[in-house]
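Asks: Please read through the structure below; I'll follow up with questions.
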Amino acid sequence: MKKTLLLFFFCLSFVANSQQITVSPAVFQVNEPITITASFISSTCNTMGANPTKVYMHAGIGTDASPWQTTKGNWGSDDGVGLMTKNANGTWSITIAPSVYFALTSGQQTAATKMGIVFRNANGSQTLKLAPSCTDFFLNVGAFQVTLAAPVENSTSVINSGSNFTITATNTGGAGSYTLKSNGTTINTNASTSSYSYTHTNITGNQTYELIATQGTTTVSKKFAVVVNPNTVSEAMPTGLVDGINYNATDATKATLVLDAPLKDFVYVAGTFNNWQPTSAYAMKKDPVSGKFWLELTGLVSGVNNTYQYWVVDTTPLANSPSMVKIADPYSTLVLSPYDDPSIPSSKYPNMPVYPAGQNFEVTVLKTGQSPYNWQVTNFVKPEKEKLVVYEVLVRDFDAGQSYQNLIDRIDYFKNLKINAIELMPVMEFEGNESWGYNTSFHMALDKFYGTSDKLKEFIDLCHQNGIAVILDVALNHAFGRNPMVRMWMSDPDGDGFGSPTTENPYFNTVAKHSYSVGEDFNHQSAKTQYYVERVIKQWIEEYKIDGFRWDLTKGFTQNCTASDESCTNAYQQDRVDILKKYADYSWSLDPTHYTIFEHLGTDAEEKQWADYRVTESPSKGVMMWGKMTDPYNELSMGYTSNITRMSSASRGFTTSRLIGYAESHDEERLMYKNVQYGATNGTYNVKTLNTALSRMSAIGAVSLLVPGPKMIWHFGELGMDDSIYTCNNGTVNDASTTTPGDCKLDTKPQPQWVENWLGDSNRNKIYNDWAKMITLKKTEPVFSGTSTITNANSKIVNIKITDANLSSSQLKDVLILANFDTTAQNVATGFPYTGTWYNLMDNTTITVTDVTAPINLPAGDYRIYGNKVANLAIDDFERGSLVSLYPNPVADYFTLNAGFTKVQIYSVSGQLVKSFTSNGTADSQFGVSELQTGFYLVKASDENNKTQVMKFIKK
């Protein structure tokens, strides 16, 4: 089963499955020594292999309801805690006395009834779990054990109103005392028995039971429930309602819920408004035409958070499917999670609604009378597609604070780099907290780990105020196991509340229809899936003013292939072409200038269909395609021959510049990491030397960013990020050279760019400044929307000619870019279009060309950008203007300016001079402000020529 929960409160009684593990003695007290032995012969639920080199036992102990209350072991650490011993027969053993091993207090020893166990390898990348469900192993603790004979523990039984219900249980170790509670009230007791039985008669309402058995100081609890068939009322649903929450526009005491649940017999709504004990008044009605369930809630209080779930019942479920599932609303815009929310700090999400005590699984938040966000920019004009420079950001790894506030605080960093779009990796509700976000479970809900809805809107609004578009990465190829539409129609043989889609599921395939399976695979030929996707599109465009979507893994949008057929997945599929055009059409119907970007990475045939789609309209449409060019550019940066001609849209057959070419993305190894690991060497010139490798990255920018068409930067490529994407939490690297490459790709990354003040490092800062100039050229000069010719067939020398014949001779209409990625100086062939004066667009120096074919000598790793005219931007003003960086920002004790100034003054926001410095005019001087109070300040910096730059900073 595909589940991402490591720990869960539904526990299975331990059974040695296929002799995976044995315990001696089999029945033991908490303070008795036991030997636990694990066998690795079976491959089922075993990723460690038959002969692991090292085995750790990760264990916990607690009650039946919560067996992992006290844990022992440090996941991923090879520190000896829980290390097992290999036996002669190939099994592995460890001997412990639980009370001593877990250092239990006397109270914890008394309460202990269950142990949880998972076996792992040294770094935690491989495990052995209980077959066939691949859940954790659980051991009973103590001589007093209770078996619930009827019903099944944690089950929900469906009965008709007025029926009787019998509960039976047995225990070991002699007589025990039993108490049966229903909906929190005691309905039966038996002070002394080892064979309990009770029949609850004439049940007319839903019941939540708890059977509590006690023997001496040991107490065991068993839970189960009964739900009464309300005989669903058939009634027409009011017009104009959509799936999910429908707020009443004029009455804040009302809201109507709609749930589409084909093949289900009845649905209750349980929530704070009925104390999570729904009566027949909260049984949803069923629309006779659409078949959808609906219910109007009344008596709500404006501005008050309510939480709720649907109890969805099938009286005749498929084998291994539950009769009832409790789900949050599939169309939730805010959900609370019992798994993830407790570890979200209040500093990121202040006043988070409280998860309801005693409930399981996610719940939906409903609040009437909400005030809309007060947008400062309501008419943002997006940058044109051909001029886009997209900055890809994973909020988790952009700053150690891991929040939208961190992005807000760094807005000057984005502005000074001159990018005009930020692409956020997925921020929809995903499973876990520190994730890339592609394990999405609720596509319309914002994940809370990075901050509140208003904080994200504040960031988007701030970007729009500064001319920066915001693009959202969306994973609509799939959903993960907590998704309500997976769980409503699932196979769940181990009864833990999670499973995989059944044949009845109207949204998901039972097996992926492509070879890149992740999570559960959406069936995009289903009308219900298409409705869901369009609702997701509408939510993010209208509620958050998102300017575009980057559609993840678009190869998965076909129904024609199988998981094992790579050739089919990569071949042209008409159903995939058509459905993705349909989704693009819907996006453009809501926002005609919306950016639609596909991560397809195919063979150009389908990409051409999308890239050229509706481009002749006004405004021009057309889908932008991700264009991976990592390997060719990395070969050049390392000093080896390569071919980068596919960086241009024309090389792929597109009629317009719709290719978002990139040398780095979140999925690919860092160029700089491979430079210093595998770079070429020639005498004293060694690419493996950090500063030498850094010095080559400006040239990479010149031959990538300036190629006509949209381009992308993966965060901190502009500072020469040299940490591997396979860097682990503990600082080690699991790259291609290790025995288990790629295990740490998703791990949270370190933050050297801020901790080590990379903006203050002249070698790294030069890349940032050079790329900023190049991006400015690209955005402001019309020629960079022209056509390009890239000469670089299996060479270390790059020659790019860019021209726009529609421009006049008095304009910058011809550009020649030269770069030498060899490890020695080279006489580089030029091929100027004509003789005359040519200008280096990076510094406005000139050369006189009398022979258009005469070569130019370029040092190793160097480049030139020549134009027939001076660029519109004034280089002096550009360098003395907004490119000046103040860092770090926010400021703790001091700040640094990356340019030289002779006078620096600090003003409060009210205009009062609070501090003044004189300086020797050198760059990277430090200015101490530790005594200033927390708040916003303005900095006025003047150089020896009285040229002035004004900046701002936040004092922490």
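FYI, it's all coordinate maths here, none of it is from the lab. Note that this is a predicted model, so its numbers are computed, not measured. Using ideal geometry, Cβ is built from the backbone for each residue, glycine included, and neighbour counts are taken over all protein chains shown.
Asks: Given contacts defined as C-alpha pairs under 8 Å and at least six residues apart, what's the relative contact order of the chain, whole-number percent?
Replies: Answer for the chain is 6 percent.
Asks: Go through region 65-79 residue by residue and turn each phi into a ³J(HN,Hα) via Karplus (6.51, -1.76, 1.60, θ = phi - 60°); whole Hz please, and just put x for glycine and proline.
Replies: Computed from phi, the couplings for region 65-79 are 6, 8, x, 10, 4, 10, 10, 9, x, 10, 4, x, 9, 8, 10 Hz.
Asks: Here is a further query. If you take every residue apart from D341 with its C-beta less than 15 Å away from the C-beta of D341, what net charge results, scoring Lys and Arg +1 and Asp and Glu -1? Before the final figure, lay out the partial values.
Replies: Details: positive: K348, K448, R482; negative: D340, E362, E429, E431, E434, D447.
Once all neighbours under 15 Å are counted, the net charge is -3.
Asks: Also, quick follow-up: If R₀ is 25 angstrom, what is the calculated FRET efficiency for the pair K688 and E434, using the beta carbon separation as r and rounding to 0.05? Don't skip to the end; give the middle numbers.
Replies: Working: r = 32 Å, r/R0 = 1.27.
After rounding, the FRET efficiency stands at 0.20.
Asks: Cross-link candidates for K947: which aspartates and glutamates have Cα within less than 14 Å, leaving aside residues fewer than 8 places away along the same chain?
Replies: Those aspartates and glutamates meeting the cut-off are D876, D877, E879.
Asks: Per q in 0.14, 0.20, 0.22 1/Å, what log10 I(q)/I(0) does a Debye calculation on the alpha-carbon atoms of region 782-877 return?
Replies: -0.51, -1.02, -1.19
Asks: Next up: With a cut-off of 8 Å between alpha carbons and a minimum separation of six or more residues, what is the relative contact order of region 244-366 in percent?
Replies: Details: 221 pairs, mean separation 31.3, N = 123.
Normalised by residue count, the contact order of region 244-366 is 25 percent.
Asks: Still on this model: Excluding same-chain residues fewer than 8 positions from K86, which lysines have a Cα within less than 24 Å of its Cα?
Replies: K54, K72, K129
Asks: With N set to the number of residues, divide the alpha-carbon radius of gyration of the chain by 2.2 N^0.38 Å and report two decimals.
Replies: The reported ratio for this selection is 1.07.
Asks: Write out the GluC sites (Glu not before Pro) in region 142-239 meeting two conditions: DSSP loop, and at most 15 other Cβ atoms within 10 Å of their Cβ.
Replies: E235
Asks: For the modelled label position 7 Å from the Cα of T918 along Cα-to-Cβ, which residues of region 929-956 have backbone nitrogen atoms closer than 19 Å?
Replies: 940-948
Asks: Only sites in a loop by DSSP and with at most 10 other Cβ atoms within 10 Å count here; which chymotrypsin sites (Phe, Trp or Tyr not before Pro) in region 768-870 make the cut? Could the numbers behind the result be given before it?
Replies: Working: sites: Y768, W771, F784, F821, Y834, W838, Y839, Y863, Y866; in loops: F821, Y834.
Sparse-neighbourhood loop chymotrypsin sites (Phe, Trp or Tyr not before Pro): Y834.
Asks: Quick one: grab Rg to one decimal and Dmax as a whole number for region 82-171, Cα atoms only, in Å.
Replies: Rg then Dmax for region 82-171, in Å: 18.9, 62.
Asks: Okay, moving on. For T298 paired with T95, estimate the spin-label separation in nm (one decimal), with each label point 7 Å from Cα along the Cα-to-Cβ line.
Replies: That separation, rounded to one decimal, is 7.1 nm.
Asks: Place a point 7 Å from Cα of V615 in the direction of its Cβ. Which residues in region 691-711 have their backbone N less than 20 Å from it?
Replies: 705-711
Asks: Positive end of the dipole of the chain, charges at C-beta (+1 Lys, Arg; -1 Asp, Glu), about the Cα centre: which of Q826, Y894, I159 has its Cα farthest in that direction?
Replies: Toward the positive end, the furthest listed residue is Y894.
Asks: Which value in deg cm²/dmol, rounded to the nearest 500, describes the helix-derived mean residue ellipticity at 222 nm for the chain, given -39,500 (n - 2.57) per DSSP H run of n ≥ 4 and division by the residue count?
Replies: Rounded to the nearest 500, the figure is -4500 deg cm²/dmol.
Asks: Among T105, T776, rank each residue by its count of other Cβ atoms within 10 Å, from fewest to most, as a rough exposure measure. Please list the in-between numbers first.
Replies: Details: T105 11, T776 20.
Ranked by crowding around the Cβ, least crowded first: T105, T776.
Asks: Here is a follow-up. For a quick check: sort R646, R670, R658 by the number of other beta carbons within 10 angstrom, fewest at the front.
Replies: Ranking R646, R670, R658 by Cβ neighbours within 10 Å, fewest first, gives R646, R670, R658.
Asks: Each residue of region 313-324 in turn: what ³J(HN,Hα) in whole Hz from Karplus with 6.51, -1.76, 1.60 and θ = phi - 60°, glycine and Pro shown as x?
Replies: Listing the rounded values in order: 10, 10, 6, 10, x, 5, 4, 6, 9, x, 6, 9 Hz.
Asks: Still on this structure: For region 184-323, compute the number of Lys pairs whose alpha carbons are separated by less than 22 Å, excluding pairs fewer than 8 positions apart on the same chain.
Replies: Total qualifying Lys-Lys pairs in region 184-323 comes to 6.
Asks: Next question. Any idea what the relative contact order of region 782-877 is, in percent, if you count C-alpha pairs under 8 Å spaced at least 6 apart?
Replies: That works out to 27 percent.
Asks: So if I place +1 on the C-beta of Lys and Arg and -1 on the C-beta of Asp and Glu, and nothing else carries charge, what would the dipole magnitude of region 229-382 be about its Cα centre? I want it in debye, nearest 20.
Replies: Using Cβ point charges on Lys, Arg, Asp and Glu, region 229-382 gives about 240 debye.
Asks: If you count the DSSP beta bridges with both ends in region 372-628, what percent of them are antiparallel, to the nearest 5? Don't skip to the answer; put the middle values down first.
Replies: On the way: 8 of 26 bridges.
Around 30 percent of the beta bridges assigned by DSSP in region 372-628 are antiparallel ones.
Asks: Taking 0.36 nm per residue of sequence separation and subtracting the Cα-Cα distance, how much length would be gained by fully extending the chain between K582 and D631, in nm to one decimal?
Replies: Details: separation 49, 0.36 × 49 = 17.64 nm, distance 3.28 nm.
Gain on extension, K582 to D631, equals 14.4 nm.
Asks: Given H placed on each backbone N at 1.01 Å, which residues far from E664 in sequence or on other chains put an amide H within less than 5 Å of it?
Replies: For E664, the qualifying residues are W714.
Asks: Could you point to the residue in L462, M444, M488 farthest towards the positive end of region 411-530's charge dipole, with +1 and -1 charges on the Cβ of Lys/Arg and Asp/Glu respectively?
Replies: Positive-most Cα among the choices belongs to L462.
Asks: Give the value in nm², to one decimal: projected area of the alpha carbon convex hull of region 372-628, averaged over all directions.
Replies: Result: 14.3 nm².
Asks: OK, next. Using a basic spin-label model with each label point 7 Å from the Cα along Cα→Cβ, how many nm lie between N31 and T316?
Replies: That separation, rounded to one decimal, is 5.7 nm.
Asks: What order do you get for M428, M624 when you list them from fewest to most C-beta neighbours inside 10 Å? Spell out each step's value before the answer.
Replies: Details: M428 23, M624 29.
So the ranking, lowest neighbour count to highest, is M428, M624.
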